[in-house]
1. Can you give the charge dipole size of the stretch 62-191 about its Cα centre, rounded to the nearest 20 debye, using +1 on the beta carbon of Lys and Arg and -1 on the beta carbon of Asp and Glu?
2. Pull out a ≥ b ≥ c, the square roots of the eigenvalues of the alpha-carbon gyration tensor of the stretch 136-187, then state rounded if a/c is under 1.5, prolate if not and a/b is larger than b/c, and oblate in the remaining case.
3. Where Lys and Arg each count +1 and Asp and Glu each count -1, what net charge lies around residue 55 among other residues with Cβ under 10 Å from its Cβ?
4. Obtain the nm distance between the two label points defined at residue 155 and residue 190 by a simple spin-label model: each point lies 7 Å from its Cα along the Cα-to-C-beta direction.
5. Kindly report, to the nearest 10 Å², the accessible surface of residue 69 as traced by a 1.4 Å probe over protein heavy atoms only.
6. Once a ≥ b ≥ c are taken as the square roots of the eigenvalues of the Cα gyration tensor of the stretch 54-186, is the result rounded (a/c under 1.5), prolate (a/b larger than b/c) or oblate (a/b not larger than b/c)?
7. How far apart, in nm, are the 7 Å Cα→Cβ label points at residue 64 and residue 125?
8. For every other residue with a beta carbon closer than 13 angstrom to the beta carbon of residue 172, add +1 if it is Lys or Arg and -1 if Asp or Glu, then tell me the sum.
Amino acid sequence: MNPILRKSILGVAGLAFTGGVFAGPVAAHAAETTHVAKPVSVSVQGDKLIPHGVQGEQSRIDLNDEQTKNVKAIIAATKKAGMDERAAVVSIATALQESKLENLGHLGDRNDHDSQGLFQQRPSSGWGTVEQITDPEYSTTAFLKGLKQVDGWQDMPLTKAAQTVQVSAYPDHYAQWEQQAADLVAQHWNS
């Protein structure tokens, strides 16, 4: 192995081992199995997927078949919208935070107002009907339409771009999913 590459890999591993304070995600589904990885200051995916490096501690969940199907639906809708891999990373990280990539219906008392679907979009806020926002292609397209309206979204940290579209009560929580989202896009973009 090239000595410079080896040192870079070992440096990233060292940063991942020594950095950060342990904290899990704060979300409606925090009881689910979540693995927390330490922050890494460089991207192993390259500038295209994580142009700013990840911010803060990273969370990771194991995906079931339905969640993987939703990842693929988000990627397909991103391609159909004519957007690139970075848009898919932002979309998947947002859906990881909002629903853990589960196409959620109304959750009764546990529901945040009338939020539903992968992105927890609200019919009462003009995102579409319940049927529309619980359709992965429609909800992704609606999210991407909002993202396109954010000036300079490509050049801002993921959490700021996602927050500008979503207007969440927890604006910094999107960042924790950036590495897993980039890994998923790298894995499924060409499949």
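The values are calculated or read from the model by the stated rules, or taken from the named source; none is laboratory data. This structure is a prediction, so every number in the text was calculated from the model and none was measured. Every residue, glycine among them, receives a Cβ derived from its backbone with ideal geometry; neighbour counts consider all protein chains shown. To get the accessible areas, we keep the full protein, side chains included, count just its heavy atoms, and leave off ligands, DNA and RNA. Shrake-Rupley method; radii C 1.70, N 1.55, O 1.52, S 1.80 Å.
1. It comes to approximately 320 debye.
2. Values: a/c = 1.41, a/b = 1.09, b/c = 1.29.
Rounded, because the longest to shortest axis ratio a/c is under 1.5.
3. Charge balance near residue 55 sits at -2.
4. Spacing of the two 7 Å Cα→Cβ label points: 2.9 nm.
5. Residue 69 has an accessible surface of roughly 150 Å² with all protein chains in place.
6. Since a/c stays below 1.5, the shape of the stretch 54-186 is classed as rounded.
7. 2.6
8. Net local charge, residue 172 excluded: -1.
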